[in-house]
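Working notes, structure below.
The values are calculated or read from the model by the stated rules, or taken from the named source; none is laboratory data. Nothing here was measured: the structure is a model prediction, and the numbers come from that model. When we count neighbours, we look across all protein chains shown, and the Cβ atoms used for this are built from the backbone with ideal geometry, even at glycine. Note: accessible area is taken over every heavy atom of the protein model, side chains too, but ligands, DNA and RNA are not part of it. Shrake-Rupley method; radii C 1.70, N 1.55, O 1.52, S 1.80 Å.
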Amino acid sequence: MRVEGLDHVALTVRDVARSVAWYTEVLGLERRFAEVWGDFPAVVGAGTTALALFPSSVPDPAPPPGRDTISARHIAFRVAGPMFAEARRELEEKGLAPVFQDHTASHSLYVRDPDGHEVEITTYDVDG
């Protein structure tokens with residue numbers, strides 16, 4: 001087998017419409033397949049990668065687990081070097097207080113979506 005790449009990540013969310021709005025407005029992802037699936041799942045994506053947003057099966061779901069639980073820790077989206085500074089500015093303007101980390105080979109910004117999922121914006125264009 002040889003896979004082509006990551007297709008999508010499935011996330012459980014409290015409010016599908018709110019999450020669609022956040023991912024489209026904050027990250028600029030586009031809505032996909034609404035005419036086929038509607039909101040189950042609601043799919044948003046960029047390029048060949050997407051998120052499938054599923055509603056929680058209970059009214060008050062537990063928050064995403066911490067590092068003491070086996071789970072996906074965060075979702076990372078890659079941007080080209082010049083877009084990294086723009087992403088930081090936009091996140092700050094939206095009041096999201098991105099946390100910057102220098103990983104030597106890459107630079108990353110971390111924010112939380114409305115359900116507490118950690119979202120990373122990363123670039124490998126770190127020279128200059």
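Out of R67, R73, which single residue is open to solvent by 90 Å² or more (accessible area, probe 1.4 Å), part of a loop (DSSP other than H, G, I, E, B), closer than 20 Å to T123 by Cα and out of contact with any Phe, Trp or Tyr (no Cβ under 6 Å at 6 or more places or on another chain)?
R73
Can you work out which of the residues in the stretch 1-26 that are touching an Asp or Glu at 6+ places or on another chain (Cβ under 9 Å) and not in a helix (DSSP H, G or I) is most open to solvent (accessible area, probe 1.4 Å)?
Within the stretch 1-26, the match that is most open to solvent (accessible area, probe 1.4 Å) is R14.
Name the one entry in R14, R18 that is of a type in the set (K, R), out of contact with any Ser or Thr (no Cβ under 9 Å at 6 or more places or on another chain) and at negative phi.
Only one candidate qualifies: R18.
Considering only residues that are of a type in the set (D, E) and under 11 Å from V79 (Cα atoms), look in the stretch 106-128 and name the one that is most open to solvent (accessible area, probe 1.4 Å).
Among those residues, the one meeting the criterion is D125.
Considering (1) aliphatic (A, V, I, L, M); (2) assigned to a strand (DSSP E or B); (3) in contact with a Pro (Cβ under 9 Å, 6 or more places away or on another chain), say which one A87 fails and leave the rest.
(2)
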